[in-house]
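The values are calculated or read from the model by the stated rules, or taken from the named source; none is laboratory data. In this text the structure is predicted, and so the values were computed from the model without any measurement. For neighbour counting, all protein chains shown are included, and Cβ atoms are generated from backbone atoms with ideal geometry for every residue, glycine included. What goes into the accessible areas is simple: the full protein's heavy atoms, side chains included, and nothing from ligands, DNA or RNA. Shrake-Rupley method; radii C 1.70, N 1.55, O 1.52, S 1.80 Å.
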Amino acid sequence: THTLDIAKIRADFPILQRTVHKKPLIYLDNAASSQKPNQVIEAVARYYRRHNANVHRGLHTLSEEATTAYESAREKVRAFINAAEIAEVIFTKGTTEAINLVASSYGRAHLRAGDEVLITYMEHHSNIVPWQMICEQTGAVLRVCPINERGELLMDEFERLLNDKTRIVAFNHISNSLGTVNPVKRMVQLAHAAGAVTLVDGAQAVPHQGVDVRDLDCDFYAFSGHKMFAPTGIGVLYGKRYLLEQMPPYQGGGDMIKSVSFEKTVYNELPSKFEAGTPIIAGAVGLGAAIDYLNEVGLEAISDYEYGLLTYGTEQLKTVPGLRMIGEAAEKTSVFSFVLDGAHPHDIGTILSHTGVAVRTGHHCTEPLMKFFKVPATVRASLAFYNTREEIDALVVGLGKVREMLL
Ligand code: PMP
């Protein structure tokens, strides 16, 4: 097994040193957004202090340096997910924009009335609404794969729902509300056998485990930088070249063209074709630095460590009277979603905050899932590799205080 030097890692994240309500911050809202290490903060600051200029345009030194910084971040992303070539790595502002790009561009070009798009019951709104929108525009039909009480996909139903009308199958790698790890490789194989293309929402996977898009064989893979220790405003769409080549541009503007005249515009090569306008240069630089950082710590070590925390936390939370865990999949990572008899999640979140513990309360952008579990909201404590057993203990103590105050 691999070990992490947690004290050293925590020292890299300056925000973990601060207090809230005069208590040490215990940050357990990593599924919403992760904290940033000095290595990322410094890389962004260094870019602005030394190299800032627009990319791809000027022949002056700063523009060349900015272009090199931006494009070398793309190469880091390519290696990180093991894509075949940098042309398959499109920078977006996040998972949401990446999914909207595919729904708009691929969806509009390929969906006809009566075609089907298959998603699952545990999708984030960002992997539901773009498909609803494109279905409405094209007359395609949205199908939804159901789940069981533990929060696992019903794979028999998944197979049953795939048919010769299925064009696109979109699902998350790891559920943000439940922590369920889906059998992505198998799902991709089944979807391909039915003749459909696949989009994997990897927003919750990339901070926790190694991802190899060629091994998964998915057609599209989307994720956000801010959940993997990089800045907000930067994300990635991976797509197989032959599909991206066929797809019309998502947005028009500068950088995505080869030549423009009023009679005819020729679009640029990949990946520029999908990156209209001045890109998120500093964000890409920060994402590159976050990838370097993750590689140095090691994703295998991170997975092992977080699995230990998940097991420990699950046992500890079971000792809290009246606590009901939402999501108990056999394959699970990094998320404790729960409700407490007689206490509203929002009140729990507020009281916990006063003990220094940051958790998310609400529907976590998965309203259909809340309906399935017949709860209006849950409390969600979500882990990163800088969290500790002591912090989980503090969450459990905080829940004791919640019970004293509310029950
Ligand atoms: N999908 C999943 C599974 C998520 O957890 C999130 C963020 N909560 C998103 C998509 C959307 O990501 P973003 O808001 O960064 O675009």
Item to check | Contour minus Cα-Cα distance for Thr68 and His346 (0.36 nm per residue) | outcome: 95.5 nm
Item to check | Under 5 Å, built H, 5+ apart or other chain: amide partners of Ile257 | outcome: Asn268
Checklist entry - To the nearest 10 degrees, how steeply does helix 184-193 sit against the main Cα axis of the chain, on a 0 to 90 scale? => result 40
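Efficiency by 1/(1 + (r/R0)^6): what FRET value for Thr311 and His192, r their Cβ-Cβ distance, R0 = 45 Å, to the nearest 0.05? Walk me through the intermediate numbers first.
On the way: r = 34 Å, r/R0 = 0.76.
Calculated value: 0.85.
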Item to check | Where a label projected 7 Å from the Cα of Leu4 along Cα→Cβ would reach, residues of the stretch 226-266 with amide N under 20 Å | outcome: 226-232
Checklist entry - Roughly how many Å² of Cys365 are accessible to a 1.4 Å probe, to the nearest 10? => result 40
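With a ≥ b ≥ c taken as the square roots of the eigenvalues of the C-alpha gyration tensor of the chain, please select rounded if a/c is under 1.5 and otherwise prolate if a/b is larger than b/c or oblate if it is not?
Details: a/c = 2.08, a/b = 1.26, b/c = 1.65.
It is oblate, given that a/c is not under 1.5 and a/b is not larger than b/c.
Once you mark the GluC sites (Glu not before Pro) that are in a DSSP loop and have at most 11 other Cβ atoms within 10 Å, what is the longest gap between them in the chain?
So the longest stretch without any such site is 150-262.
Provide the net charge surrounding Leu395, with neighbours chosen by a C-beta distance below 12 Å and charges set as Lys +1, Arg +1, Asp -1, Glu -1.
Working: positive: Arg380, Arg389, Lys401; negative: Asp29, Glu390, Glu391, Asp393.
Taking every other residue near Leu395 into account, the sum is -1.
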Checklist outcome for this item: Quick calc: nm separation of the 7 Å Cα→Cβ label points for His125 and Val144 -> 1.5
Checklist entry - How much of Thr92 can a 1.4 Å solvent probe reach, expressed as accessible area in Å² and rounded to 10? => result 0
Checklist entry - Quick one: Cα centre-to-centre distance for the stretch 204-263 and the stretch 278-347, in angstrom? => result 24
Checklist entry - Considering only protein heavy atoms and a 1.4 Å probe, what is the carbon-and-sulfur percentage of the accessible area of the chain? => result 52
Checklist outcome for this item: Computed ³J(HN,Hα) along the stretch 259-267: with the Karplus parameters 6.51/-1.76/1.60, θ = phi - 60°, integer Hz and x for glycine or proline, the list is 8, 10, 9, 5, 7, 7, 10, 9, 6
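Among the trypsin sites (Lys or Arg not before Pro) in the stretch 42-128, which ones are in a DSSP loop with at most 10 other Cβ atoms within 10 Å of the Cβ? Mind listing them? Before the final figure, lay out the partial values.
Working: sites: Arg46, Arg49, Arg50, Arg57, Arg74, Lys76, Arg78, Lys93, Arg108, Arg112; in loops: Arg57, Lys93, Arg112.
Answer in residue order: Arg112.
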Item to check | aspartates and glutamates with Cα under 12 Å of Lys401, excluding same-chain neighbours fewer than 8 positions away | outcome: Asp347
Checklist entry - By how many nm would the segment from Tyr48 to Glu390 grow when fully extended, if each residue of separation counts as 0.36 nm and the alpha-carbon distance is taken off? => result 119.4 nm
Checklist entry - Setting aside same-chain residues fewer than 8 positions from Lys36, which aspartates and glutamates have a Cα under 16 Å from its Cα? => result Asp12, Asp292, Glu296
Next on the checklist: List the residues, sorted by chain then number, that are 5 or more residues from Met247 or on another chain and whose placed amide H is less than 5 Å from its amide H.
Outcome noted: none
Checklist entry - Regarding the stretch 1-130, what whole-number volume in Å³ per residue does the convex hull of its Cα atoms give? => result 222
Checklist outcome for this item: Residue separation between Val375 and Ala358 times 0.36 nm, minus their alpha-carbon distance, gives in nm 4.0 nm
Item to check | Nearest-10 value in Å² for the accessible area of Thr361, using the 1.4 Å probe | outcome: 30
Item to check | Qualifying aspartates and glutamates (Cα of each under 15 Å from Cα of Lys23; at least 8 residues distant if same chain) | outcome: Glu390, Glu391, Asp393
Checklist outcome for this item: Given a 1.4 Å probe, the accessible area of the chain per residue, as a whole number of Å², is 42
